[in-house]
1. So, in segment 120-152, how many residues would count as being in a helix (DSSP H, G or I), closer than 16 Å to Met45 by Cα and of a type in the set (Gly, Ala, Ser)?
2. For segment 210-227, name all the residues that are within 14 Å of Asp174 (Cβ to Cβ) and part of a loop (DSSP other than H, G, I, E, B).
3. Just a yes or no: is a residue in segment 199-209 within 26 Å of Leu245 (Cα to Cα) and either at pLDDT below 95 or of a type in the set (Gly, Ala, Ser) (or both)?
4. So Ala178 ticks every box in (1) surrounded by 14 or more Cβ atoms within 10 Å (Cβ to Cβ); (2) at pLDDT 95 or above but one. Which box is left unticked?
5. Restricting attention to segment 275-297, which residues are buried (at least 16 other Cβ atoms within 10 Å of the Cβ) and either in contact with a strand residue (DSSP E or B) (Cβ under 6 Å, 6 or more places away or on another chain) or of a type in the set (S, T, N, Q) (or both)?
6. Is it true that some residue in segment 94-115 is hydrophobic (A, V, I, L, M, F, W, C), at pLDDT 95 or above, under 30 Å from Ala314 (Cβ atoms) and not in a strand (DSSP E or B)?
7. Restricting the first residue to segment 202-221 and requiring it to be closer than 12 Å to Tyr179 by Cα, which pairs with a second residue that is charged (D, E, K, R) meet a Cβ separation below 6 Å and a spacing of at least six or different chains?
8. Can you name every residue in segment 193-211 that is open to solvent by less than 60 Å² (accessible area, probe 1.4 Å) and within 18 Å of the chain's Cα centre (by Cα)?
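The values are calculated or read from the model by the stated rules, or taken from the named source; none is laboratory data. Here the structure is a predicted model, which means the values were calculated and not measured. Here the Cβ is made from the backbone with ideal geometry for all residues, glycine too, and neighbour counts use every protein chain on show. All accessible areas refer to the heavy atoms of the entire protein, side chains included, with ligands and DNA or RNA removed. Shrake-Rupley method; radii C 1.70, N 1.55, O 1.52, S 1.80 Å.
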Amino acid sequence: MTVLLEKRRLIVSPGLVPTPLRREDKFGRPQNVDVDLTIALINNMPDPALQATERQFMRLLRQAAGDIRIDFHCFSLPSVRRSQPAKWRVEAQYTDIADIDQLHIDGLIVTGAEPSAAALPEETFWRDLADIVEWAKNNTRSTIWSCLAAHAAVLHLDGIERQQLETKCSGIYDCINAYPHWLTQGLPSPFKVAHSRLNELRVDDLAANGYQLLSHSTRGGVDSFAKDFGSQFIFFQGHPEYEALSLEREYLRDISRFLAGERDSYPGLPVSYFDTETEQKLAAFAVRAQTERRPALSTELPDRTLRQDIATGAAATVMFRNWLDFLTRPVRTASPEANL
């Protein structure tokens with residue numbers, strides 16, 4: 001795999017060889033390089049997860065690419081609130097979102113962001129995200145909407161409101177294929193996907209608006225769904241891109257926020273994630289934390305061991321391989337006879 005660590009990153013399977021960025025290749029397809037696809041990631045994740053999200057999606061694309069050569073670009077919406085160090089990274093490493101029209105993007109991935117408002121249309125990034133939804137209809141062959149971005153997209157497109165959960169949906173869930181679709185072809189049923197969210201979209205609301213349910217979980221609800229808007233829109237409520245430790249980092253972050261008084265309730269354990277001994281130790285720590293609530297207590301968290309059967313990467317690689325295969329298929333156009 002070749003990775004350009006400036007504004008453009010070129011993924012070429014299978015070797016890892018640094019390649020210089022040609023200034024004249026800033027836009028469009030790279031010159032003198034045989035590229036099959038141009039993929040863009042609009043990374044709106046909060047600052048602590050910014051680099052991890054880049055890494056996770058690049059890893060997935062690398063594993064799924066096979067012989068497909070990918071010209072990869074990162075963007076971030078300017079309306080997402082960021083610390084100064086994160087702004088510097090985006091300015092140095094990301095392509096300016098204003099230049100997205102010049103890149104002839106085949107596939108787009110849009111992540112969620114950490115919400116701060118009571119309703120999605122009140123978020124600072126709402127207008128920019130809605131504009132990207134409209135842009136993607138006419139300028140991509142397919143777009144993946146992840147977690148909050150999926151919720152925002154269906155609200156903008158069809159007015160479907162997400163519903164707040166009584167408790168956070170967090171953990172590793174067994175998901176079942178619901179309908180034959182090119183995205184889930186070759187997946188076992190069930191397969192495992194990480195979920196981490198406080199809200200949900202309901203099957204009945206999606207079906208009533210023409211969305212096709214692709215996979216779901218008995219405990220976690222809707223997993224993935226799709227709808228054709230000219231571009232094939234794929235929606236994930238879960239996080240197939242997550243690495244093994246991603247849920248642990250979020251859980252520890254929520255504990256720290258509770259101990260610091262930044263959240264009212266102590267976080268629940270991620271489902272089917274830690275082994276039995278770790279769950280027992282963390283349950284005992286939770287009792288202590290709610291009695292001795294103080295920030296320094298986070299340094300006394302017990303050691304943790306994950307379950308051996310949490311692997312979600314295999315399913316994610318299959319889905320992303322199917323997505324890349326779809327993007328490389330010839331575009332079907334209507335024959336002249338069809339207009340007679």
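1. Residues that pass the stated criteria total 3.
2. Thr218, Arg219, Gly220, listed by residue number.
3. no
4. Ala178 satisfies all of (1) surrounded by 14 or more Cβ atoms within 10 Å (Cβ to Cβ); (2) at pLDDT 95 or above except (2).
5. Answer for segment 275-297, where residues must be buried (at least 16 other Cβ atoms within 10 Å of the Cβ) and either in contact with a strand residue (DSSP E or B) (Cβ under 6 Å, 6 or more places away or on another chain) or of a type in the set (S, T, N, Q) (or both): just Thr278.
6. yes
7. The qualifying pairs are Tyr211/Lys227; Ser215/Asp223; His216/Asp223.
8. Across segment 193-211, the qualifying residues are Val193, Ala194, His195, Ser196, Arg197, Asn199, Glu200, Leu201.
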